[in-house]
Amino acid sequence: MTTLYPSIDLRAGQVVRLRQGDYADQLNYDVDPVATAEAFCAGGAAWLHVVDLDGARTGTRENTAVIANIANAVRGGARVQAGGGVRTLADAAALADAGASRVVMGSAAISDPALVDTVASVLPVAVGLDHRDGVVAVHGWTEASELRLADALGRFPGAAAFVITDISRDGLLAGPDVDGVAAAVAATATPVIASGGVGSLDDVRTLGGIDGLHGVITGRALYESRFSVAQAIVALRGRGTQ
């Protein structure tokens with residue numbers, strides 16, 4: 001069952017998109033984050049993927065209040081998966097209090113895999129595996145780790161999901177890493193959510209055709225009206241989308 005995750009990336013309270021994870025190459029969207037979340041929910045989205053880019057870069061989460069407003073606005077219609085700067089149990093608890101149904105942990109999970117199990121006692125954890133050429137990146141994608149994606153998939157038994165982002169494709173609308181996503185899905189029993197490069201309904205359909213893929217994240221394509229949430233859900237429906 002493949003689930004659509006419309007993405008809302010926040011920086012200083014504004015909806016933005018980074019090209020290839022570069023904080024110096026930012027697209028700004030003149031939209032209200034709460035109204036955007038409500039529109040995605042009205043379009044049929046069952047989940048929203050919300051990222052605090054300030055928190056991801058510095059570890060200081062600056063957009064928790066906005067995330068809380070989003071979660072409150074869509075309560076009963078869509079659940080919120082929130083990440084960016086989740087590095088302690090207290091960080092996760094703050095997002096749980098804000099209304100998140102699942103948190104995404106990246107850098108902290110890579111440096112301390114046992115922390116995922118600790119945080120999972122508060123609410124489910126999706127481990128963010130953001131990579132360049134198969135090497136996992138940390139600290140808001142600004143640094144490379146020594147861990148390869150293929151090895152990371154076996155290190156987090158307590159993870160509720162993996163969010164796998166090909167940084168080289170993210171925000172470019174040039175198409176996802178279909179082969180890499182398929183290989184990751186085949187390598188783990190943990191649900192995989194694919195992110196990065198989705199630019200058309202054909203991309204959505206192609207990802208939806210990967211047997212066992214749990215979810216697809218898309219952001220820029222929605223903001224630039226390449227397709228709507230409702231159209232993407234229809235494109236995935238043949239795979240049992242919710």
Requested in this report: Looking only at the range 213-220, decide whether some residue is over 18 Å from the mean Cα position of the chain (by Cα), within 22 Å of Thr36 (Cα to Cα) and surrounded by 15 or more Cβ atoms within 10 Å (Cβ to Cβ).
Outcome: no
Query raised in the report: How many of the residues making up the range 92-111 are modelled with pLDDT under 95 and among the acidic types (Asp, Glu)?
Result: 0
Query raised in the report: So which residues in the range 27-51 are of a type in the set (Phe, Trp, Tyr) and under 21 Å from Ile233 (Cα atoms)?
Result: Phe40, Trp47
**Report entry** Within the range 80-107, considering residues that are more than 13 Å from Thr118 (Cα to Cα) and polar (S, T, N, Q), the one surrounded by the fewest Cβ atoms within 10 Å (Cβ to Cβ)
**Finding:** Ser101
Requested in this report: Look through the range 133-184, keep the residues that are within 16 Å of the chain's Cα centre (by Cα) and polar (S, T, N, Q), and return whichever of them is modelled with the lowest pLDDT.
Outcome: Ser168
Query raised in the report: Can you find a residue in the range 10-29 that is surrounded by 19 or more Cβ atoms within 10 Å (Cβ to Cβ) and out of contact with any Phe, Trp or Tyr (no Cβ under 9 Å at 6 or more places or on another chain)?
Result: yes
Report task. Give Ser225, Ser195 a once-over and let me know the one that is surrounded by 20 or more Cβ atoms within 10 Å (Cβ to Cβ) and polar (S, T, N, Q). Result -> Ser195
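Of the residues Arg17, Arg102, Arg61, which is more than 28 Å from Met1 (Cα to Cα) and within 18 Å of the chain's Cα centre (by Cα)?
Values: Arg17 fails: more than 28 Å from Met1 (Cα to Cα); Arg102 fails: more than 28 Å from Met1 (Cα to Cα).
It is Arg61.
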Report task. Scan the range 148-187 residue by residue and report those that are aliphatic (A, V, I, L, M), free of Cβ contacts under 8 Å to residues at least 40 places away in the same chain and assigned to a strand (DSSP E or B). Result -> Ile164
Report summary line: Screening Ile193, Ile167, Ile217 for residues that are within 14 Å of Leu129 (Cβ to Cβ) and in contact with a Lys or Arg (Cβ under 9 Å, 6 or more places away or on another chain) leaves only Ile167
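The values are calculated or read from the model by the stated rules, or taken from the named source; none is laboratory data. Keep in mind it's a predicted model, so treat the numbers as computed, not measured. FYI the Cβ positions are ideal-geometry reconstructions off the backbone, even for glycines, and counts take in every protein chain you see.
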